[in-house]
Amino acid sequence: MLRNSYLTLCLMLVVYLIFSWVPVKHALHMFQQNRYEAGRYGAWLKGNIKSFSGKSMPILGFVIILFLMSFFVDSVVHQIITVVLVTAIGGFMILNEIKKEYIKPLVFTDRVKRQLIVLTLLNIVVYVCLFNFTKYWDIFALIYSFFGVWLMVFVMDLITKPIEEGVKKKFLNEAKRMLDSHSSLIKIGITGSYGKTSSKTILQEILSEKFYSLMTPASYNTPMGITRTIREMLKPIHEVFICEMGADHVGDIQELCDFVHPKIGLVTSIGPQHLNTFGSLDNIIKEKMKLIESLPSDGCGIINMDNEYIRNYSVKNNCRLIKYALQDKDVDYYATNIEYSPKGSSFEVITQDGSYLFETKLLGEHNIANICAAIAIARELGIEWKDLQQAVKKVKYVEHRLELKKINGYTFVDNAFNSNPVGSAMSLEVMKMMPNKRFVITPGMIDLGMQQDDLNKEFGRKMKDKVDEVLLVGVQQTKPIVEGLKESGFDMEHVHVCKTVKEAFQLVYTLATPADTILLENDLPDAFNN
């Protein structure tokens, strides 16, 4: 019988591996976007059951047809038809996948390649078992290929986790040895719920006026990201190492401090970001402030006193604290008299040394606060005020963080990176001051735990009188924003809900003129666009 043929088995393996390629790639893509964490991935799967059920109807219909055919045609003919149809559908899915554009495509790192190999081997085991031990193996293989591979990711994670831990430990120890051998290196740690990357980038530009400085690039703020920076980029010539420290679990900051041992620490802000994984706001506060509490006694902590959680926290360390703010005058560095224009911002910094005027291309109060923090660190390292004024004037836009840019002749304020309640409110304040008609394109905010819907609703409320046209991306994701807009009395004729970012851009180009201003607020990865 054809089913018992070794050749048939090999043929079927090839056919179903082809068919499963797109679901496998999608599963690994979403696992990567959920930071390779089984818990986050599982929560994402649970939250997208409706989306899966909608997309699965054609496949389920195909399965039913194959099942009914088994009663009316010879088994060999049935298998031939199955092979032809499954191969054709698999090929069509692959061609469609090649054409598809992703906001953040799957990155085939060494880790993903290892996961792909293990997941493929697991799939082969499943197919062989189905082939040998089930009557309707072709139908079960089809169902597994489309649905089961998403669940097999959990098994793959269990198998690869010890391997990944071993790789991580090896590279981490190597990076520690490199840091320890660089005894004169000034190490600066930066953390916060928001503003880490912007503060790091601004500080790097300012300190580079005097020092050979290295910063962790992009959002390399995990142990492996920092390890990679040290192993690949740190040279004996470097005098300063600026290290962004990310955290979404209790213990993350302590782990990074034990690794890097910074002497200067900056906490930019604290808020309900990553509330799902931290469990409570109190855990977030304690974890972020671990950076200051882990500094040596002769170290220096820089803290933002405009943030109520930082302001009300009692630091358990005798190191020196330098305070900065835009609202509270009773600090070491106070930024005031802030003015915005399409060309940038101007502001004044008041200290015990006197008052100093600064100009920058950057927009938004949080960028002014980030510059103020960088000024405090730069002064701590001996950079003169006149040099700081020139350095701040030269600071470039931080990519996707209230970045003023021209796209196809239109003026955009690009705040597409990781929107949060504080940053989104500041973005709207900037838009309020912009001339002519004002647009916002946004999918809303994520990763805010139980408060997410309420915070997105408040985001919608705050849009009134600050923007004139609202373009929302994602029907389900943006429902709370729509509610907030309605409650605020916003004219709903000027609210447009789009399915994709591409659709939103096409629409805004028909509504706006080059004299108008368009805010891009957040750019969710594909896992969260629905």
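Tabulated data for the structure shown
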{"quantity": "Simple label model, 7 Å out from Cα along Cβ direction - residue 510 to residue 77, nm", "calculated": "5.1 nm"}
{"quantity": "Label point at residue 298 placed 7 Å out along Cα→Cβ; residues across the stretch 185-216 whose backbone nitrogen lies under 20 Å", "calculated": "185-189"}
{"quantity": "Value of Rg to Rh for the stretch 391-448 (Rh from inverse mean 1/r over Cα pairs, i.e. Kirkwood)", "calculated": "0.98"}
{"quantity": "Pair residue 328, residue 494: separation of 7 Å Cα→Cβ label points (nm)", "calculated": "3.7 nm"}
{"quantity": "Overall Cα dimensions of the chain, principal axis frame, Å, largest first", "calculated": "92, 61, 39"}
{"quantity": "Too-long pairs where the Cα-Cα distance tops 28 Å, listed order kept, from 161/479; 168/200; 386/462", "calculated": "161/479; 386/462"}
{"quantity": "Cut-off under 5 Å, modelled amide H: who pairs with residue 468 long-range", "calculated": "438, 439"}
{"quantity": "Compactness relative to 2.2 N^0.38 Å, alpha carbon Rg of the stretch 375-471", "calculated": "1.34"}
{"quantity": "Dimensions in Å of the stretch 288-399 - Rg and Dmax from alpha carbons", "calculated": "14.3, 44"}
{"quantity": "Over the stretch 453-530, relative contact order from alpha-carbon pairs under 8 Å, at least 6 apart, %", "calculated": "35 percent"}
{"quantity": "For the stretch 22-28, 3J(HN,Hα) per residue [Karplus equation, 6.51 cos²θ - 1.76 cosθ + 1.60, θ = phi - 60°, Hz, x = Gly/Pro]", "calculated": "5, x, 4, 4, 4, 4, 5"}
{"quantity": "Extended-chain gain in nm, criterion 0.36 nm per residue less alpha-carbon gap, residue 348 and residue 26", "calculated": "110.9 nm"}
{"quantity": "Two-decimal log10 I(q)/I(0) for the stretch 195-315, as the Debye equation yields it once each C-alpha is a single scatterer, q = 0.09, 0.10, 0.18, 0.20 Å⁻¹", "calculated": "-0.24, -0.30, -0.99, -1.21"}
{"quantity": "Phi to ³J(HN,Hα) by Karplus 6.51 cos²θ - 1.76 cosθ + 1.60 over the stretch 262-274, Hz, x for Gly, Pro", "calculated": "x, 9, 10, x, 10, 10, 7, 5, 9, x, x, 6, 6"}
{"quantity": "Formal net charge of residues neighbouring residue 163 (Cβ-Cβ distance under 10 Å; K, R +1; D, E -1)", "calculated": "+2"}
{"quantity": "Amide H partners (placed H, <5 Å) of residue 500, local residues excluded", "calculated": "474"}
{"quantity": "Contact order relative to length of the chain, as percent, for alpha carbon pairs under 8 angstrom and 6 or more apart", "calculated": "11 percent"}
{"quantity": "Förster-model FRET efficiency, 60 Å R0, residue 385 and residue 49, C-beta, rounded to 0.05", "calculated": "0.55"}
{"quantity": "Other-chain or far-sequence residues with amide H under 5 Å of residue 192's (modelled H)", "calculated": "268"}
{"quantity": "Globularity index of the stretch 128-264, i.e. its alpha-carbon radius of gyration over 2.2 N^0.38 Å", "calculated": "1.52"}
{"quantity": "Phi-based couplings in Hz for the stretch 505-522 (Karplus 6.51, -1.76, 1.60; Gly and Pro marked x)", "calculated": "5, 4, 6, 5, 5, 8, 9, 9, 10, x, 7, 8, 10, 10, 8, 9, 10, 6"}
{"quantity": "Translational diffusion coefficient (Stokes-Einstein; Kirkwood radius from C-alpha pairs) of the stretch 142-222 at 4 °C, 1.567 mPa s, in µm²/s", "calculated": "78 µm²/s"}
{"quantity": "Using a Förster distance of 35 Å, the FRET efficiency for residue 97-residue 483 (Cβ separation, nearest 0.05)", "calculated": "0.50"}
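Each value in this text was obtained by applying a stated rule to the coordinates, not by laboratory testing. In this text the structure is predicted, and so the values were computed from the model without any measurement. All Cβ positions, glycine included, derive from the backbone under ideal geometry; neighbour counts span all protein chains shown.
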